[in-house]
Structures are given as structure tokens and as C-alpha cells.
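This report concerns only the one structure given below.
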Amino acid sequence: MGVGVAQCFAEAGYPVVVVDPDPVALGSGPARLRAGVRMAQLLRRRSSAPAGAETGAGTGTGTGTGVGAGDGTPASSSPSPEARVVWSEKLSDLAPALFVVECAREKVSVKEEILRQLDQVCGPDAVFASCTSCIPITRLGSVTGRPDRVIGTHFMNPAPLKDAVEVIRAPGTSERTVRRTTDLLAELGKQALVVRDAPGFVTNRVLMLTLNEAATVLGEGTADAETVDRVFQDCFGHPMGPLRTADLIGLDTVLDSLEVLREFTGDERFRPCALLARHVAEGNVGRKSGRGFHQYPAQRNRPEHHLVSRGGASHG
């Protein structure tokens, strides 16, 4: 997700700093970004979309823990998107950033620690936008000295090819922060859908229940995985069934999201079903591992892989 978000900003002309302490993730980032830019351009040409109708975005690697995006002023249009991205393992390199998108994995403690560090590193006017999929923004903002400048930007996956971003405004988020965020997203070619703060917001408060119940139906033997997905595609017109959606997101991320929702709502409906938990424990976490509820071809050398992988970082 982080690489995808970085791609969106870079394609819109912004200088981007991507930070990830994992040397493997950081080392693979530039190649994944190049592949993402090529794939997005190819898909846009095929769809004959108007120029600029869809732009990519990125602020982290596939397993990234923190990201910073530009200074609010688009760079020259001449450099390639790849040339606008700087890769670093040091959070201190985000010091000049005025807008930072955090794309860490969906763990409260991990995100809170990153935001605490960012609060010390970045200037007082910097906005912190979390790409969390479920954690209340009020909770994340509370660990900083700037809750009025903390907001949720829930990018969908794959970020460069999705037109909408779920923007979460906490009670303490200022109007200026909301305006800065929605204006910036508009420059990326994204539609900002602003919702109030709550566990899971709109998207995942509904979606995660659906994914968990679909896995439950599969585990109970009501239908096989292909049939479960075909019911949603052929009966409801969904472009992708719930089990393939879960595989795309990453079953580990789905599991993390359900646990967060259960913690913050106290609702046992969000308890991960046994089949989902077993797949994650066995390392079968979806497309990125080659197997989840469905099986997938080896993807190591496929240039479009990061467009369909979450890398374990966050749900988007």
C-alpha cells in the first residue's frame, strides 16, 4: 500500500520521501515503484481514460512503517515519477515534510509509536494522515501534540487505480486539516469521501464482517471458494467476490483489522473465524503468498505484483 500511495503523489508531481526500516522492503521499493508506474500507464491506456483522470499515490514500501509526502507544492512535470521519490531508513528525513502519510501494519501499538516519533521529527504545521483501515483517528491523534492535525486517509487497494479515498475526520481534527487533505487529494485526482470517526469507519465496519462471514460459510462447507465468490459476482454484480477480496487485501491484514474492530467495539461478531485464523497461522495469506482462500501463480517476477499485494503493511 505504501508504494502505491507514494506513486500517487509522485505521479501528481510532488517530491516524496519514503521511509522504511526494513532493508529488504526498502531495497525492493524502487523496482516495485517502476513496475507500478508502468502497469498503471498501461492500464490507463487500455481503458482510454482522459489524461490525468487517474493518478497514483504512494508514501511507503509494501511493508513500510512511515512515509512523508512533499511540501505542498507540485514539482516540475519533467522528472519521471520514480525520480521524485527518495528512499530512506531514517524517520528524521521526514523533517521537512508538511504532509505525512503513515502506512504501517494495522497494529495500534505500531502506529502509535510511529506517530509519537513523527511528532518529534516534523515541524508543527505538518499534517499526519494515517492510512489505517480500522483504528479510530481520535486514538491515534491522542499520542501526538497535534490532534487537530491528525486525519485518516484510507486509500483503497491498489491506490494508483482507485478514484476515491475514505477521509476520516475525528472530533478534534480541524477544518483547516480537512481542507488541506481534501484539496491535496483532489490534486492527485482522488475523490475525498469524508466520514466521521468510528472503529472501521464506513468501509471496514461493513466489509470486514462480510469477509469474515464469507470465510465462515466456506469453513462450514456451504459452498467452495469459487462458488461463494461467484454468488456475489453473478447475483449481486460485484466485480470481485469476498474471498478474492480478502486474498487481495491480505488475510493477515484482514485478521489484524478484525481484531482491532473487536477491541474497539467490544462486538464479538468481529471475532476472526477459525478458517481465517488457520490460513494466517500457516502463512497462506492471499495473493502475496500465492495461496489464501484461492491459489495464485508465483508472483515474484510479475511486474504488476505490488498492485495486487498489501505487503503486510496496511489495509487500503
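Numbers for the structure displayed
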item: Glu187/Ser92 FRET efficiency (R0 30 Å; Cβ-Cβ; nearest 0.05); result: 0.65
item: Percent RCO, i.e. relative contact order, over region 176-305, from Cα pairs under 8 Å lying at least 6 residues apart; result: 21
item: Highest-first arrangement of 254-265, 276-287, where packing means the average Cβ count within 10 Å; result: 254-265, 276-287
item: Accessible area of region 125-270 belonging to carbon and sulfur atoms, whole % at 1.4 Å probe; result: 53
item: Equivalent ellipsoid, region 99-211 (semi-axes from 5 times Cα gyration tensor eigenvalues, Å); result: 20, 17, 13
item: DSSP-assigned coil residues among GluC sites (Glu not before Pro) in region 191-237, each with at most 13 further Cβ atoms within 10 Å; result: Glu220
item: Alpha carbon centroid spacing (whole Å) that separates region 127-196 from region 211-255; result: 28
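The values are calculated or read from the model by the stated rules, or taken from the named source; none is laboratory data. It should be emphasised that the depicted structure is a prediction, and the values quoted were computed from it without experimental measurement. So basically every Cβ, Gly included, is an ideal-geometry build from the backbone, and we count neighbours across all protein chains shown. Accessible surface is based on the protein model in full, side chains and every heavy atom, while ligands, DNA and RNA are left aside. Shrake-Rupley method; radii C 1.70, N 1.55, O 1.52, S 1.80 Å.
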